[in-house]
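The structure under discussion appears below in the form of structure tokens.
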Amino acid sequence: MVIQIQNPAQLAAPSIRLPAIGSIPRQSILELSACISYLRKIYNPHVRGSSRIREPVLDESSVKLTSNISLSDDVEAADELRGDAYERAYSLRWLSALVAYLSCLENVPESTLDDATSLIALCAGPASAGILTRNFSFPATHLDLPPTIDVRLTDIPLDNHDFHSVGAQTWGGACVLAEAIAEDPQSFGFVQSRRALRVLELGAGTGLVGIATGKVVQALGMLDARIVATDFYESVLHNLVANVRSNFPQNNDTGVVFDCHRLDWQAFPREHAPAPPLDEPFDVILGADIVYEAAHATWIKGCLERLLSRKSSKLISTSSHIALSPTFHLVIPLRPTFDSESSTIETVFPTASEASSVPQLVIEGKDIIVCDAGSGVKGEVVRYAYYRIGWNFVQDL
Ligand SMILES: C[S@@+](CC[C@H](N)C(=O)[O-])C[C@H]1O[C@@H](n2cnc3c(N)ncnc32)[C@H](O)[C@@H]1O
């Protein structure tokens, strides 16, 4: 039997889609590899819409903008299958038989055997409860960084009846922003000689952006850096704390102080005396996929007015690309179905050229980043807008 995975948007149960265990020896290695990829879609899926397309898209007519990156049918089906004890037990039996068979063969690619073995560990472990652990690896080119910035994260199951639980999972925008930080830390103001830098992440969810930033700042040896990852939803915060702890097991010895705090964008602007560390402004504020309701941009502006420093740092450097003015870096997916929500950013924040003579938060730059939607449909892409927002007037320190 040949397993056909022509439409990965329709995930069927492994017990239906995989060839019978007894017929494993009759499959080609290519077919067995396709089965492993199929199981990976269920037990260790990539974050969809996070593979950046670097070459310009020449034929725009071949591009299909997808409307929904992660809450699509196959993602929901994968979530459901992951929590199905029968399917997990079946997949475990199937994978164990596969590994036993492959181990007896010669010339089996090592990666095929490794993939099958690591899936066994995932199916036998926390995947059973719908919990997903992923390893992210972002290439870094800066000489003082290791070749990759590696982050290990746990997503907890989304509660489909509670829209507030969206932060339980990692979204494509976080991958895009973390990748940009690892690729060019200087353009975010992460410069080795900078001291006592304060970084805040809003709506951190599983914490990918803040944790990747922590690893960059740590590898650069930036002294006295403080990173504060925030969210407002209890179970999301709980998972965020666990992810930060597992990535920074010896928080105190690294030179980087990493905290997690509750911060509700709607309530914060009206708080009289925020508790430390939210009582002092930040040099860099980060946000990925945090504008998806009409009010979000206005609430976030209220937070930035209190939390984004109005003072630029006085760092002497020969590079002209270093952003030392306090900046809010925001990446949002341009979902056609959320058009009015994402356009509120440009309504709420004027561009630098439209700004008046009073101090104001303005859009200093905007880029469009295009990623493969990861849906398996040719030409389907997700576009992200990357905004840089700062004060039109900053004081020199
Ligand atoms: C789509 S998720 C993005 C999470 C993460 N930044 C990522 O890209 O993976 C939106 C995040 O914003 C948080 N959020 C939503 N409303 C919020 C509010 N009023 N205050 C603070 N955080 C909020 C959610 O809990 C969630 O973690």
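The values are calculated or read from the model by the stated rules, or taken from the named source; none is laboratory data. Bear in mind the structure is a predicted one, so any value in this text is a computation, not a measurement. All Cβ positions, glycine included, derive from the backbone under ideal geometry; neighbour counts span all protein chains shown.
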In the range 243-254, is there at least one residue being closer than 15 Å to Ala174 by Cα and within 12 Å of the ligand (Cβ to nearest atom)?
-> yes
Note on the range 191-213: residues farther than 14 Å from Gly287 by Cβ and either surrounded by fewer than 24 Cβ atoms within 10 Å (Cβ to Cβ) or of a type in the set (Asp, Glu) (or both) are Val191, Gln192, Ser193, Arg194, Arg195, Ala196, Leu197, Arg198
Consider only pairs whose beta carbons are under 6 Å apart and that are at least six residues apart or on different chains; among these, list those whose first residue lies in the range 274-290 and is away from the ligand (no atom under 12 Å from the Cβ) and whose second residue is assigned to a loop (DSSP other than H, G, I, E, B).
-> Pro281/Ser309; Asp283/Leu197; Asp283/Ser309; Asp283/Pro326; Val284/Gly189
Sole residue being over 15 Å from Pro326 (Cβ atoms) and either in a helix (DSSP H, G or I) or at pLDDT 95 or above (or both), chosen from Gly302, Gly287 | Gly302
Could you tell me whether Gly365 is within 15 Å of the ligand (Cβ to nearest atom), modelled with pLDDT of 90 or more and part of a strand (DSSP E or B)?
-> no
Here the residues within the range 169-211 that are assigned to a strand (DSSP E or B) and more than 9 Å from the ligand (Cβ to nearest atom) are Arg198, Val199, Leu200
Odd one out for Arg262, checked against (1) touching a strand residue (DSSP E or B) at 6+ places or on another chain (Cβ under 8 Å); (2) surrounded by fewer than 16 Cβ atoms within 10 Å (Cβ to Cβ); (3) farther than 21 Å from Val166 by Cα | (3)
Please work out which one of (1) away from the ligand (no atom under 14 Å from the Cβ); (2) under 17 Å from the mean Cα position of the chain (by Cα); (3) part of a loop (DSSP other than H, G, I, E, B) is the condition Leu223 fails and give its number.
-> (2)
